[in-house]
Amino acid sequence: MARFLLQVPNTLRNPSVFASSSSNGSFPTSSNQASQSGKGGPLIIELPLNQIRRPLMRTRTNDQQKVQDLMDSIAQIGLQVPIDVLEVDGAYYGFSGCHRFEAHQRLGLPTIRCKIRRGTKETLRHHLR
């Protein structure tokens with residue numbers, strides 16, 4: 001009987017990568033891996049929708065056909081472009097990606113892939129003007 005040795009790359013040996021699943025059909029990214037690859041740049045992670053504050057939602061309306069098209073796309077192939085989120089003192093604020101955010105809400109998905117950018121309270125005030 002022949003014996004074979006299966007060599008698995010180190011990136012596939014980490015069980016935490018497989019323990020989580022993405023709500024949008026994409027391969028999950030752990031925050032540890034994202035921060036190592038970012039080298040101080042933006043961090044891409046999955047955030048629960050209920051942790052993202054949307055201060056401009058009251059003043060804007062979304063194109064419902066665009067939301068429906070995104071829902072169809074996300075259901076088939078997952079979210080292709082993460083939304084931009086500003087983190088200030090541990091709180092997350094979303095100012096763009098309104099259609100993608102609503103599509104996730106209407107699909108009942110608990111999380112959304114976000115590109116996190118850290119900012120100050122002054123940066124937040126600038127976005128709220």
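How many residues, within segment 54-84, are modelled with pLDDT of 95 or more and in a strand (DSSP E or B)? Final tally of qualifying residues: 1. Cβ-Cβ contacts under 7 Å between residues 6 or more apart (or on different chains), taken from a first residue in segment 71-83 that is at positive phi to a second residue that is part of a loop (DSSP other than H, G, I, E, B) and surrounded by 20 or more Cβ atoms within 10 Å (Cβ to Cβ), are listed as GLY78/ASN24.
Looking across segment 85-116, the residues that are part of a strand (DSSP E or B) and either in contact with a Ser or Thr (Cβ under 7 Å, 6 or more places away or on another chain) or more than 17 Å from PRO55 (Cα to Cα) (or both) come down to LEU86, VAL88, THR111, ILE112, ARG113, LYS115.
Residues in segment 65-86 that are under 27 Å from GLY41 (Cα atoms) and over 13 Å from the mean Cα position of the chain (by Cα): 1 in all. Close contacts from segment 115-129, counting a first residue that is closer than 8 Å to VAL88 by Cβ and a second that is open to solvent by 100 Å² or more (accessible area, probe 1.4 Å), with Cβ to Cβ under 8 Å and a gap of 6+ residues or different chains, come to LYS121/ASP89. Filtered by the rule that a residue be under 14 Å from ARG54 (Cα atoms) and either open to solvent by 40 Å² or more (accessible area, probe 1.4 Å) or among the basic types (Lys, Arg) (or both), segment 67-84 gives a lone residue, ASP84.
The values are calculated or read from the model by the stated rules, or taken from the named source; none is laboratory data. None of these values were measured; they are calculated from a predicted model. As a convention, Cβ positions derive from the backbone with ideal geometry for all residues, glycine included, and neighbour counts pool all protein chains shown. Note: accessible area is taken over every heavy atom of the protein model, side chains too, but ligands, DNA and RNA are not part of it. Shrake-Rupley method; radii C 1.70, N 1.55, O 1.52, S 1.80 Å.
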